[in-house]
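A.B. asks: Pasting in a structure now, in structure tokens, and then I'll have a few things to ask.
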Amino acid sequence: MSNPELTLQNVVFGYKNGGRLFNGLNVTVRGGQLLLVYGPNGSGKSTLLKLMAGLLKPQAGAVLLNGTFVSNRHFSKIGYVMQRAEDQFFCETVFDEVAFSAKNFGFHDVDELVKEALAEVGLRDDVLDRSPFQLSEGEARRVAIACALVHKPLLLLLDEPLIGLDRIGRQMVQDILKRQKQAGKIIVVTSHRSDNLRDLADVFLTL
Ligand SMILES: Nc1ncnc2c1ncn2[C@@H]1O[C@H](COP(=O)(O)OP(=O)(O)O)[C@@H](O)[C@H]1O
Ligand SMILES: [Mg+2]
């Protein structure tokens, strides 16, 4: 298979009752690359990730994954980590939370996939019985990333993944991103400040 590719072509988007956020945005990021979307609060970073995730539709232009319009048919190929982990959690245990996508997309070896995802983010099995709402900020972020990795997506979208973390937590997330890049994933991260993610980035987009 040829190298996977996410392309935005002349993307136009604005919310109802708001101004136009994007007026013809163009960018391409390929497998093994990291796109850093940089911009101040309110510049549209989270909105752009939702467009890439197929959760919002552009009013003109196209968001293409391997040449086809991103839609709900692609959900199994996409892993999306929200800005605040607690906004994406809805289960009683970390196991159920991480297992959700694997089950939802019909994988059979769910226990094995959950273990792999946990190992990938450097968490031990004893976190599985805990409530996702009672984790430290660093643990919660890593569980949220495990949720996005468990079904082995092609495209990984992470909204401000370093925010609120201490130095060790930031390093852990950066190491995860580095490994996912090496594994050939397409990675998009947002940031509102010039932080260490710059070192990992191959493509830059400033909003
Ligand atoms: N669901 C929504 N409905 C209307 N306006 C929104 C919605 N979500 C975000 N906005 C507005 O769109 C702009 C960009 O928001 P957002 O994408 O969250 O920016 P960022 O993530 O860069 O802080 C802001 O002005 C915000 O108030
Ligand atoms: Mg945001």
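A.B. asks: Is it true that some residue in region 86-103 is closer than 21 Å to SER2 by Cβ, in a helix (DSSP H, G or I) and of a type outside the set (Asp, Glu)? Don't jump to the end; show me each part of the working.
C.D. replies: Restricting attention to region 86-103, the residues satisfying the condition of being closer than 21 Å to SER2 by Cβ are none.
Looking through region 86-103, none of the residues is closer than 21 Å to SER2 by Cβ, in a helix (DSSP H, G or I) and of a type outside the set (Asp, Glu).
A.B. asks: How many of the residues in region 171-207 are in a loop (DSSP other than H, G, I, E, B), hydrophobic (A, V, I, L, M, F, W, C) and more than 16 Å from ligand 1 (Cβ to nearest atom)?
C.D. replies: Result for region 171-207: 2.
A.B. asks: Could you check LEU56 against (1) crowded, with 22+ Cβ neighbours inside 10 Å; (2) closer than 30 Å to LYS16 by Cβ; (3) within 16 Å of ligand 2 (Cβ to nearest atom) and say which number it fails?
C.D. replies: The single condition LEU56 does not satisfy is (1).
A.B. asks: Would you confirm whether or not region 155-170 contains a residue that is part of a strand (DSSP E or B), modelled with pLDDT under 95 and under 21 Å from GLY32 (Cβ atoms)? Can you show your working first?
C.D. replies: In the first step, residues of region 155-170 are kept if they are part of a strand (DSSP E or B); the result is 155-158.
Adding the requirement that they be modelled with pLDDT under 95 leaves none.
Scanning region 155-170, I find no residue that is part of a strand (DSSP E or B), modelled with pLDDT under 95 and under 21 Å from GLY32 (Cβ atoms), so the answer is no.
A.B. asks: Need the failing condition index for ASN23 against (1) more than 15 Å from the chain's Cα centre (by Cα); (2) in contact (Cβ under 8 Å) with a residue 12 or more places away in the chain; (3) outside any loop (DSSP other than H, G, I, E, B), just the number.
C.D. replies: That leaves (2) as the condition not met.
A.B. asks: Now a separate question. Pairs under 7 Å by beta carbon, first residue exposed (fewer than 14 other Cβ atoms within 10 Å of the Cβ) in region 86-106, partner of a type in the set (Phe, Trp, Tyr), six or more apart or different chains?
C.D. replies: Listed by first residue and then by second, the contacts come to GLU86/PHE133.
A.B. asks: Evaluate the following for PRO153: is it within 16 Å of ligand 1 (Cβ to nearest atom) and under 11 Å from the mean Cα position of the chain (by Cα)?
C.D. replies: On the way: within 16 Å of ligand 1 (Cβ to nearest atom): no; under 11 Å from the mean Cα position of the chain (by Cα): yes.
Answer is no for this residue.
A.B. asks: Can you find even one residue in region 108-122 that is in contact (Cβ under 8 Å) with a residue 24 or more places away in the chain, in a loop (DSSP other than H, G, I, E, B) and under 24 Å from GLN171 (Cβ atoms)?
C.D. replies: yes
A.B. asks: Can you go through LEU51, LEU36 and tell me which one is within 27 Å of GLN182 (Cα to Cα) and touching a helix residue (DSSP H, G or I) at 6+ places or on another chain (Cβ under 6 Å)? Talk me through it step by step, then tell me what you get.
C.D. replies: Details: LEU51 fails: touching a helix residue (DSSP H, G or I) at 6+ places or on another chain (Cβ under 6 Å).
When all the criteria are applied, what remains is LEU36.
A.B. asks: Still on this structure, I have one more. Can you tell me which residues in region 177-200 are buried (at least 21 other Cβ atoms within 10 Å of the Cβ) and at pLDDT 95 or above? It would help to see each step written out before you state the result.
C.D. replies: Within region 177-200, the first condition is being buried (at least 21 other Cβ atoms within 10 Å of the Cβ), and the residues that meet it are 177, 180, 185-191, 197.
Matches in region 177-200: LEU177, GLN180, LYS185, ILE186, ILE187, VAL188, VAL189, THR190.
A.B. asks: Would you be able to tell me the number of residues in region 31-47 that are more than 9 Å from ligand 2 (Cβ to nearest atom) and either of a type in the set (Ser, Thr, Tyr) or part of a helix (DSSP H, G or I) (or both)?
C.D. replies: Number satisfying all stated conditions: 1.
The values are calculated or read from the model by the stated rules, or taken from the named source; none is laboratory data. Here the structure is a predicted model, which means the values were calculated and not measured. A quick note on method: Cβ atoms are made from the backbone with ideal geometry, for glycine too, and the neighbour counts reach across all protein chains shown.
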